[in-house]
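Values quoted throughout were computed directly from the atomic coordinates according to the rules given, and no laboratory measurement underlies them. As the structure is a prediction and not an experimental result, all values here were calculated from the model. Positions of Cβ are backbone-derived with ideal geometry, glycine not excepted, and every protein chain shown enters the neighbour counts.
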Amino acid sequence: MTENLNLDPNLDRPDDFYEALLNTHYGLSEDKSRDLNARLILILANHIGDMDVLKQALNAAVPPPGESSGA
Amino acid sequence: METRLRPRQNPTFDYVRSPDQSAAASAHHLVVIVGAGPVGLSMAIDLAQHGVRSVVLDDDDTVSVGSRAICYAKRTLEIWNRLGVAAPMVDKGVTWKVGRVRFGERLVYSFDLLPEEGHRMPAFVNLQQYHMEEMLVARATELDGIDLRWKNAVTGFDQTPDRAALTIDTPDEPYTLLADTVIAADGARSSLRALMGLDFEGRVFYDQFLICDIIMTADFPSERWFWFDPPFNRGQSALLHKQADNVWRLDFQIGREADPELETRTDRLVPRIRAMLGDDVAFDIEWASVYTFKCRRLDQFRHGRVLFMGDAAHQVSPFGARGANSGVQDADNLAWKLALVTKDLAPDGLLDSYDDERGRAAHENLMNSTRSTDFITPKSPISRLFRDAVLDLAEHYPFARPLVNSGRLSLPTRYDGSPLNTPDAHVFACGPAPGAPAIDAPLANGTWLLEQLGGQFVVLYFGSSDQAPPVMVVSRVPVSIVAVDPESQTAARYDGQPGTAYLIRPDQHIAGRWRAFDIKKVETAVGRAIGLEP
Ligand SMILES: Cc1cc2nc3c(=O)[nH]c(=O)nc-3n(C[C@H](O)[C@H](O)[C@H](O)COP(=O)(O)OP(=O)(O)OC[C@H]3O[C@@H](n4cnc5c(N)ncnc54)[C@H](O)[C@@H]3O)c2cc1C
């Protein structure tokens, strides 16, 4: 059975996580932040491990057609 | 310390005028092989061992010139062992198993291929392509049935339903040969491909690599060293790998814009090498040249009477050492099939399975070499970002190490789902499944399993030899028996419980396997493996 990507709320403490994420980036140049994000993605992907779930996550992250990312 | 240029003197082979060149009517041969590179020569040797004569044409009169293949994988060595040519290669070559990956100034990771004990052949041997080809030429010359013709360049081709015709230029006047089957093993710039107007599609990479073979007696270990972004080649990659006779392969990525003529000049090359190896190392330069790489293939490897193999059929980047390795495996796949068809023991359709099975292999090899090339030469800021993140993480965390891709080393392709396989009807805990290559193991009598299998159909039977089935002949094709003790290391590798039988093809891939020997099932499986059964 293939597992499904969980897109429902799953974070223990969403506000704490969000603050910790921003704190980790605090004071970094844009380049350093980008490097950190890349490392973070790889670390999280490894923790998930399951290729089917990862594919669903990659798809979920792609902006829907016709929609810009807001930039 | 003076650095000298010491280009190698290759042997040359004499052009000998063939009686075919003076014949009143064009001579007709069963098999003509175009190209005496590693692949064409391996094919000729394999055919000769199956008792099929061939004419081999090569436009040159020597072996490979300059820096080309150096790394041969275990499966290729096993094939060459079957062809009677691996021993000198292993003796002369450099056996290695440790690789180190550096990023900037840091060693981020080392690997040990940790080859499993109890195999006749090592994981890898490094040997210059010119030595390897010379050994193949020597073997081809000692066998009966190989008519090797140097300075014979194919310049024209056509085919009708009953024969192919080749026009051949020689130091004398041109002549024509007719053939039942033509093997196109004429390399990446294949003349036959061009003469037949076939597309060669894929990706071209624009990054240039400066490849240099140097002669030095430094005591660097026999390891593969790969650098990403080293201080002596900022923003690019580099490689150091040992070959025979104290020759070392250096490989520097030099980017898209570099000028090849300038980069291969000694006054530029020597400081570059000193920056890599240190100022106190003495060396001479055997060869230096600049390459770009392509990953592309023919859509179909069979075109009527012409079968393409090696670089003529598929071209990969060198990362992962897949070119010669996969080409030799092409020959291994086709030789026994062509031998059966030529002797009228199998239908012509068996040759189509070559395209099917080796097409999968080409797909796998192209995918791997394209991925390695993309990792080594990131094409966009984001791909460089992730690449560098992987390398940073690999230094500290084991999880990132499998993502580092400086070349995935060549493993044999399993012909899963091939029409020649008889699918498993029983459960096996381990062992090669139908389509996979047989696994080597030491035998009680001091020999090796793969050497016992040889190059014909074999039933590998687990049980005492008096219970083993007798030698069989299935539709005129002989099938021999190798009986192995169910308590042995071989049995452990094959899940060889008493009574278990594996049917193994002449290229040592598994055709089928059963928990009990049943002659009817084995006969049907042999029929299927030679293209008789749908
Ligand atoms: C820098 C570099 C490093 C490499 N490293 C490795 C490695 O480590 N491991 C590995 O497995 N592979 C490696 N390769 C790839 C390997 O060199 C090739 O895959 C291999 O040589 C292919 O063999 P082949 O017999 O198909 O073709 P080729 O070696 O090209 O031989 C073709 C032959 O056909 C002849 N010919 C051509 N046209 C005609 C004609 N019209 N008539 C008659 N004869 C003709 C040529 O003279 C030649 O002898 C490397 C390649 C390069 C460039």
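Here are a few things to note about the model shown:
- For region B:1-138, the convex hull spanned by the alpha carbon atoms encloses 166 Å³ per residue.
- Here is the size of region B:52-106 from its Cα atoms: Rg then Dmax, 16.7, 56 Å.
- Additional length obtainable on full extension of the chain from B:Arg189 to B:Cys430, 0.36 nm per residue less Cα span: 82.5 nm
- Going by neighbour counts of Cβ atoms within 10 Å, the residues B:Ser54, B:Ser480, A:Ser29 line up, fewest first, as A:Ser29, B:Ser480, B:Ser54.
- Order of B:Phe124, B:Phe293, B:Phe308 under a 10 Å beta carbon neighbour criterion, fewest first: B:Phe293, B:Phe124, B:Phe308
- The H on the amide N of B:Gln208, modeled in the peptide plane, is under 5 Å from the matching H of B:Ile254, B:Gly255, B:Arg256, each at least 5 residues off or on a different chain.
- With the charge dipole of region B:202-293 set up from +1 on Lys and Arg Cβ and -1 on Asp and Glu Cβ about the Cα centre, the Cα lying farthest toward the positive end among the listed residues B:Pro260, B:Leu277, B:Pro221 is that of B:Pro260.
- The separation of region B:110-173 from region B:458-534, counted between C-alpha centres, amounts to 31 Å.
- Counting beta carbons within 10 Å around each of B:Cys430, B:Cys71 and listing the fewest first gives the order B:Cys430, B:Cys71.
- Taking the DSSP bridge list for chain B and keeping only pairs wholly inside it, about 70 percent are antiparallel.
- Label sites at B:Ala87 and B:Ala25, each approximated as a point 7 angstrom past Cα along Cα to Cβ, lie 4.5 nm apart.
- In this Cβ point-charge picture (+1 for Lys and Arg, -1 for Asp and Glu), region B:1-140 has a dipole of about 440 debye about its Cα centre.
- Region B:224-293-region B:396-434 distance, computed between alpha-carbon centres (Å): 34
- Alpha-carbon radius of gyration plus Dmax, which is the widest Cα pair, for chain B in Å: 24.2, 74
- Contact order for region B:202-293, expressed relative to its length and based on alpha carbon pairs under 8 Å spaced 6+ residues apart, stands at 44 percent.
- Normalised contact order of chain B, rounded percent, pairs of Cα under 8 Å and 6 or more residues apart: 15
- Nearest 10 degrees, 0 to 90: helix A:14-25 Cα axis against chain A principal axis: 50
- Using θ = phi - 60° and Karplus 6.51 cos²θ - 1.76 cosθ + 1.60, couplings along region B:102-107 (whole Hz; Gly, Pro as x): 10, 10, x, 8, 9, 7
- Cross-link pairs exceeding 26 Å in C-alpha to C-alpha distance, out of B:Lys92/B:Lys343; B:Lys97/B:Lys379; B:Lys343/B:Lys520; A:Lys55/B:Lys97, comprise B:Lys92/B:Lys343; B:Lys97/B:Lys379; A:Lys55/B:Lys97.
- In this structure the amide hydrogen of B:Val484, modeled in the peptide plane, comes within under 5 Å of the amide hydrogens of B:Tyr461, B:Phe462, B:Gly463, none closer than 5 places in sequence on its chain.
- 3J(HN,Hα) from dihedral phi, region B:419-432, Karplus parametrisation 6.51/-1.76/1.60, rounded to Hz, x for glycine, proline: x, 7, 7, 9, x, 4, 10, 10, 8, 10, 6, 7, x, x
- The protein assembly as shown - share of DSSP beta bridges that are antiparallel (%, nearest 5): 70
- Percent of beta bridges antiparallel (DSSP, region B:416-534, rounded to nearest 5): 70
- Test item: Cα-centred dipole of chain A, Lys/Arg +1 and Asp/Glu -1 on Cβ, debye: 240
- Hull shadow area, averaged, region B:389-513 [alpha-carbon convex hull, nm²]: 10.7
- Taking all Cα pairs closer than 8 Å and separated by 6 or more residues, the relative contact order of region B:416-534 comes to 33 percent.
- Equivalent ellipsoid dimensions for the protein assembly as shown as semi-axes, Å, which come from the Cα gyration tensor, largest first: 43, 34, 24
- Scanning residues 5 or more positions from B:His303 or on other chains, those with amide H under 5 Å from its amide H are B:Phe308, with H placed 1.01 Å from N in the peptide plane.
- Within chain B, the longest run free of GluC sites (Glu not before Pro) that sit in a DSSP loop with at most 13 other Cβ atoms within 10 Å is B:258-486.
- Label zone at B:Ala275, where the point sits 7 Å out along the Cα-to-Cβ direction: region B:356-388 residues whose backbone N lies under 19 Å: B:377
- When the alpha carbon gyration tensor of region B:202-293 is reduced to an equivalent ellipsoid, the three semi-axes, largest first, read 21, 14, 13 Å.
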